[in-house]
Amino acid sequence: MTFEQAKALLEEKKQTQLLKYYDELTAEQKVNLLNAIEAITWDFEEELANPTDLSGKNRDIKPINGLRLSEIEKRKAEFEAIGVEAIKAGKVAAVLLAGGMGTRLGVDGPKGAYNIGITKPLYIFEQQMRNIMDVTEKCGVTVPLCIMTSDKNHEQTVSFWKEHNYFGYPESEVKFFKQEMAPAVDYDGKIILERKDLPALSPNGNGGWFVSLQKAGLADELRERGVEWLNIYAVDNVLQRIVDPVFVGATIASKVNCGAKAIFKTEPKEKVGVLCMDGNQPDIIEYYELTDEMANQRDENGDLVYSYGVIMNYLFNLAKLEEIADKKIPVHIVEKKIECLCEDGVTRKPEKENGKKFEALAVDLIKLMGSVLPYEVVREKEFAPIKNKTGVDSVESARELLKLNGVEL
Ligand code: UTP
């Protein structure tokens, strides 16, 4: 894109602030800026003008049936046999969503490269690979692993995996792909400048993962290899079981398009989003959307009826994902602290929120999948998220849970 083209485009879009420092830039910086302007996706204009109604009004919320631990235990051998067969037949792949910025943890570089070890190094990526390899070693096969990164952490993530020799996994099975970026805007809808030659762009949420996988050619590659199921998982949870044969088998046996691992809520007020039905479609209801009556509703066994809290570990049917790939999922407009170029020419993260980011969430795919199996897991054995350094869902709490599960730190 030439300067004249960029200027014409930005005049039409009322975003000429992006060229404010153009004359001060070196030749190379000018090219960088023009390329970045050319790559901007403008969907955010429509989102700002007509934000999706995310209030949850007008929904017909009902409880959803799922598999409780007792039922899973009873049918474990049956489910496991189906899952192991699917894994051995190459029908299952894993997809790690690691494009987030991990701002709450507040470390530089990819969150998965964080060392949770105490007496020896143990990286989050490494611990998760141990969990996958427990299964692949037992089944005697490897599964394809696709890792989503973003422009903000791609190079660092790829080199970290290389440096650590893919944590003992075959390099040929590991594919990296980048998610899309979306501009961040100020409260007047103007794209923020992060540097004189760079508009502020950030990962567009984890909801676009499948479209990005397709764009990278990996969805085709997986289908051609015979993959039918994708187990997506988040980088935070160090205890989760990935390509868990019992979960895979239960999802296949239930003839649904999607399985969702879930912790069972025991406190009416616990702050987790739970699976539910909206009319005849599966959905998630956030804790703050539940009325008191719904939050306290119990079944004949005394269990809460809105109780399956999702933990970002899903098994998605690939054919169904391909069918719904062009359907729109809601975009969440979130106020954030956005790194920006300050008056003195220095780039800083502000003390308080200074603008908005646009994010799609993987959880919003559930509705489009048409059917879901809520699948209960033992909280203390499979849920140790690392969001913060200390306190709730932190490095500290995850370490305690890892120790409880016999992991040497
Ligand atoms: P979170 O929202 O918890 O992670 O996403 P985050 O964005 O990295 O953390 P904060 O909010 O800045 O502290 C859950 C999972 O989704 C991935 C994350 O990497 C994590 O595995 N994710 C999130 C993406 O892959 N892309 C995104 O744009 C956002």
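What follows draws every value from the coordinates through simple rules; no lab data is involved. Bear in mind that the values here come from a model prediction, so they are computed numbers and not experimental data. Glycine also receives a Cβ, built like all others from the backbone with ideal geometry; neighbour counts cover every protein chain displayed.
Here is how the numbers come out for the structure above:
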quantity	calculated
Helices (runs of 4 or more DSSP H) fully within segment 192-256 counting 3 or more residues that are away from the ligand (no atom under 16 Å from the Cβ) and among the aliphatic types (A, V, I, L, M)	245-253
All positions within segment 135-154 that are over 16 Å from A216 (Cα atoms) and away from the ligand (no atom under 14 Å from the Cβ)	V135, T136, E137, K138, C139, G140, V141, T142, V143
Qualifying residue in segment 311-331 (condition: in contact (Cβ under 8 Å) with a residue 60 or more places away in the chain, β-branched (V, I, T), in contact with a helix residue (DSSP H, G or I) (Cβ under 7 Å, 6 or more places away or on another chain) and assigned to a loop (DSSP other than H, G, I, E, B))	yes
In segment 114-134, the residues that are within 12 Å of the ligand (Cβ to nearest atom) and either farther than 26 Å from F316 by Cβ or not β-branched (V, I, T) (or both)	Y114, F125, Q128
Subset of segment 368-400 (residues that are part of a helix (DSSP H, G or I), within 16 Å of the ligand (Cβ to nearest atom) and not charged (D, E, K, R))	V395, S397, A398
V274 away from the ligand (no atom under 16 Å from the Cβ), surrounded by 23 or more Cβ atoms within 10 Å (Cβ to Cβ) and touching a residue at least 60 places away in the same chain (Cβ under 8 Å)	no
Some residue of segment 50-62 being in contact with a helix residue (DSSP H, G or I) (Cβ under 7 Å, 6 or more places away or on another chain), closer than 26 Å to M1 by Cα and surrounded by 14 or more Cβ atoms within 10 Å (Cβ to Cβ)	no
Any chance L193 is under 30 Å from E85 (Cβ atoms) and either touching a residue at least 24 places away in the same chain (Cβ under 8 Å) or under 17 Å from the mean Cα position of the chain (by Cα) (or both)	no
Meets criteria (surrounded by fewer than 22 Cβ atoms within 10 Å (Cβ to Cβ), more than 16 Å from the ligand (Cβ to nearest atom) and in contact (Cβ under 8 Å) with a residue 40 or more places away in the chain) for R68	yes
Residue check, R59 in a loop (DSSP other than H, G, I, E, B), basic (K, R), within 29 Å of Y375 (Cβ to Cβ) and within 16 Å of the ligand (Cβ to nearest atom)	no
Restricting segment 81-109 to residues that are hydrophobic (A, V, I, L, M, F, W, C) and in a loop (DSSP other than H, G, I, E, B), the residue that is farthest from the ligand (Cβ to nearest atom)	A89
Filter pass, I37 being in contact with a helix residue (DSSP H, G or I) (Cβ under 8 Å, 6 or more places away or on another chain), surrounded by 17 or more Cβ atoms within 10 Å (Cβ to Cβ) and within 22 Å of E359 (Cα to Cα)	yes
Checklist (1) of a type in the set (A, V, I, L, M, F, W, C); (2) more than 30 Å from V246 (Cβ to Cβ); (3) surrounded by 14 or more Cβ atoms within 10 Å (Cβ to Cβ) applied to C342, failing item	(3)
Residue check, F176 surrounded by fewer than 19 Cβ atoms within 10 Å (Cβ to Cβ), within 16 Å of the ligand (Cβ to nearest atom), of a type outside the set (D, E, K, R) and in contact (Cβ under 8 Å) with a residue 24 or more places away in the chain	yes
The lone exception for F383 - which of (1) more than 20 Å from the chain's Cα centre (by Cα); (2) within 17 Å of D236 (Cα to Cα) it fails	(1)
Residue in segment 293-302 that is more than 30 Å from D220 (Cα to Cα), assigned to a helix (DSSP H, G or I) and in contact (Cβ under 8 Å) with a residue 40 or more places away in the chain present	yes
Pair list, Cβ under 8 Å, 6 or more apart: segment 225-246 residue among the aromatic types (F, W, Y), other residue part of a strand (DSSP E or B) and near the ligand (Cβ under 9 Å from one of its atoms)	Y233/L96; Y233/L97; Y233/M312
Positions within segment 344-367 being among the small types (G, A, S) and within 14 Å of the ligand (Cβ to nearest atom), in sequence order	A360, A362
Residue tally, condition surrounded by fewer than 24 Cβ atoms within 10 Å (Cβ to Cβ) and in contact with an Asp or Glu (Cβ under 7 Å, 6 or more places away or on another chain), over segment 254-269	1
